[in-house]
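Structure first, then comments.
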Amino acid sequence: MQIVQFTAPQLARMLGVNESTVKRWIDRGLLNSVRTPGGHRRIRESDLQAFLASQDKARKHSYVLARRHKEVTTEPWRKYYELHYGRNPHKAREYLTASFISLGSVRQVITTIIAPMLVEVGAAWNRGEIDIADEHRMTFLVRSDLLAQSTLLPSPNRGAPRALFACVPEDNHELALVLLSLVAQEAGWNTTVLGINVPAQQIEVECAASTIDLVVLTKIFSGAADISYVRSVRALPHVRSAPIVVGGSGWSDADKETMQRMKQVTFADSLDAFVHTLAKHAPSPTVHRALRTKRS
Ligand code: B12
């Protein structure tokens, strides 16, 4: 697992302050940093956490940091839901960013805020409390909030492994791809998101064009494509050497069982299982560089 490091501009966006403020904190010794061989400043996650723990001086400079202290709620996802429901997208975005800082990882943000908030969107729709336009508006904003978090994550190292993400045909639940790709990005992977409703042939095209170390297929709507789709992806000539991880709440038990017997196919249905799969399939940097040179 790589050491998570941030650049000064990333940290400035995260904390809602100017880049010059971050540099001042560093210059005054409030925030530790290291230098890259090229002389650029990098802030390690552990140094950021230490800074946040002793942030009294910094807090008065930062609206986001000040908010982080005020907002101690029992159900963080409810607050996020209510801000979007109440048409406060900017406050919702700030709240999510502040949560990212206090929870320390995108994975935690997804588990404690995004996933339960989306379940509530579905439940509120079922109860007739929100209409379809609310659902579309709110999930559109969740998607943009999540994509904004991706700019806070460190860029992958040179030679990092690459994962490909796709919803099976007839599945439009794209948010699942956004969540999973952020988790992979946080674990140091390069990510290519193909989006909804992806025909098998498109996966072949992507795998032929560059080295793909993991293919991730999701299905949330049970009426979407079934196991025959996974079989056809598995059989594609350029996908053959890449492992496939499949997940999502739309698969039938019979399909899950069949997948357990398929070679180079893993069924994983939680973020923890997904992170496990990423760790298992990330080639070590040396082997990976050698492989890439050989393949190119
Ligand atoms: C948002 C949403 C939509 C949005 C999607 C917007 C977008 N850009 O993604 C829109 C409005 C487009 C939509 C459409 C529909 N939806 Co919808 N939708 C939802 C909602 C509210 C949230 C879904 C979501 O994003 N969840 C976040 C995901 C990722 O969480 P999760 O599924 O729990 O997954 C977790 C794990 O399973 C794991 N995981 C998920 N995928 C994967 C993959 C891998 C590889 C791994 C390792 C792990 C993993 O990670 C997640 C986080 O912990 C759910 C309600 C709910 N309770 O889930 C309904 C829900 C999924 N939708 C449903 C339905 C029926 C539909 C429609 C058919 C409605 C309609 N009549 O048109 C259409 C289907 C269109 C289609 N062809 O796909 C049903 C599905 C029921 C079923 N048995 O299939 C649900 C459950 C609502 C309900 N209770 O009725 N929907």
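Since every read-out is calculated from the coordinates, none of them should be taken as a lab result. Note that the structure is predicted; figures quoted are calculated from it, not measured. Neighbour counts are summed over all protein chains in view; Cβ atoms, including those assigned to glycine, are modelled from backbone coordinates with ideal geometry.
Please work out how much length the chain gains when fully extended from Glu82 to Lys280, using 0.36 nm per residue of separation minus the C-alpha to C-alpha distance, in nm with one decimal.
The Glu82-Lys280 span can extend by a further 67.5 nm.
Tell me, what ³J(HN,Hα) does each residue in region 244-253 have, in order and in whole Hz, if you take phi through Karplus 6.51 cos²θ - 1.76 cosθ + 1.60 with θ = phi - 60° and put x for Gly and Pro?
Whole-Hz 3J(HN,Hα) from phi for region 244-253: 10, 10, 10, x, x, 7, x, 7, 7, 4.
With labels modelled as points extended 7 Å from the Cα through the Cβ direction, what inter-label distance (nm, one decimal) is found for Glu75 paired with Val119?
For Glu75 paired with Val119, the spin-label model returns 1.1 nm.
Just the number, please: percent antiparallel of the DSSP beta bridges in the chain, rounded to the nearest 5.
20
Taking every DSSP beta bridge with both residues inside region 152-296, roughly what % is antiparallel (nearest 5)?
Of those bridges, close to 0 percent are antiparallel.
Given Cβ point charges of +1 (Lys, Arg) and -1 (Asp, Glu) and nothing else, what value in debye, to the nearest 20, does the dipole of region 162-295 about its Cα centre take?
Approximately 800 debye in magnitude.
Sequence neighbours fewer than 8 away in the same chain don't count; with that in mind, list the aspartates and glutamates whose C-alpha is under 17 Å from Lys280.
Output for Lys280: Glu186, Asp213, Asp269, Asp272.
Test of understanding: in a Gaussian network model of the chain with alpha carbons linked when under 10 Å, which of Ala148, Ala53, Ala92 would top the mean-square fluctuation ranking?
Ala53
Scan around Leu31 for amide H atoms under 5 Å from its own, H built in the peptide plane at 1.01 Å from N, and keep only partners 5 or more places away or cross-chain.
Ile26
At 0.36 nm per residue, minus the direct Cα-Cα distance, what do Gln201 and Ser155 gain on full extension? Give it in nm, one decimal, please.
13.6 nm
In whole Hz and in residue order, list the ³J(HN,Hα) couplings for region 223-229 that follow from phi through the Karplus curve 6.51 cos²θ - 1.76 cosθ + 1.60, θ = phi - 60°; x for Gly and Pro.
Taking θ as phi minus 60°, the curve returns x, 7, 3, 9, 4, 4, 5 Hz for region 223-229.
Among Leu147, Thr97, Gly39, whose Cα sits farthest toward the positive end of the charge dipole of the chain (+1 at Cβ of Lys/Arg, -1 at Cβ of Asp/Glu, about the Cα centre)?
Going by the Cα projections, it comes out as Gly39.
Using only Cα atoms, locate the centre of region 153-178 and the centre of region 84-146, then give the distance between them in Å, rounded to an integer.
20
Of the residues Ser105, Ser210, Ser155, which exhibits the maximal mean-square fluctuation in a Gaussian network model of the chain defined by a 10 Å Cα contact cut-off?
Of Ser105, Ser210, Ser155, the most mobile in the Gaussian network model is Ser210.
Run the dipole for the chain about the Cα centre, Lys and Arg Cβ at +1, Asp and Glu Cβ at -1, nothing else charged, and hand back the magnitude in debye, nearest 20.
Numbers: 37 positive and 28 negative charges, 318 e Å.
Using Cβ point charges on Lys, Arg, Asp and Glu, the chain gives about 1520 debye.
If each of Ala209 and Val34 carries a label point 7 Å out from its Cα toward its Cβ, how far apart are those two points in nm?
Modelled inter-label distance: 3.5 nm.
In sequence order, what are the phi-derived ³J(HN,Hα) couplings for region 189-199 according to the Karplus relation 6.51 cos²θ - 1.76 cosθ + 1.60 with θ = phi - 60°, rounded to whole Hz, with x for glycine and proline?
Residue by residue, region 189-199 yields 8, 7, 10, 10, 9, 8, x, 7, 6, 8, x Hz.
Distance cut-off 22 Å, Cα to Cα: go down the list Lys79/Lys219; Lys91/Lys219; Lys219/Lys256 and report the pairs above it.
Lys79/Lys219; Lys91/Lys219
Shape verdict for the chain, please, from the Cα gyration tensor: rounded (a/c under 1.5), prolate (a/b greater than b/c) or oblate. Could you put the intermediate results ahead of the total?
Working: a/c = 2.55, a/b = 1.28, b/c = 2.00.
Here the chain falls in the oblate category.
Starting from 0.36 nm per residue, how many nanometres of slack lie between Ala254 and Asn126 once their C-alpha separation is accounted for?
43.3 nm
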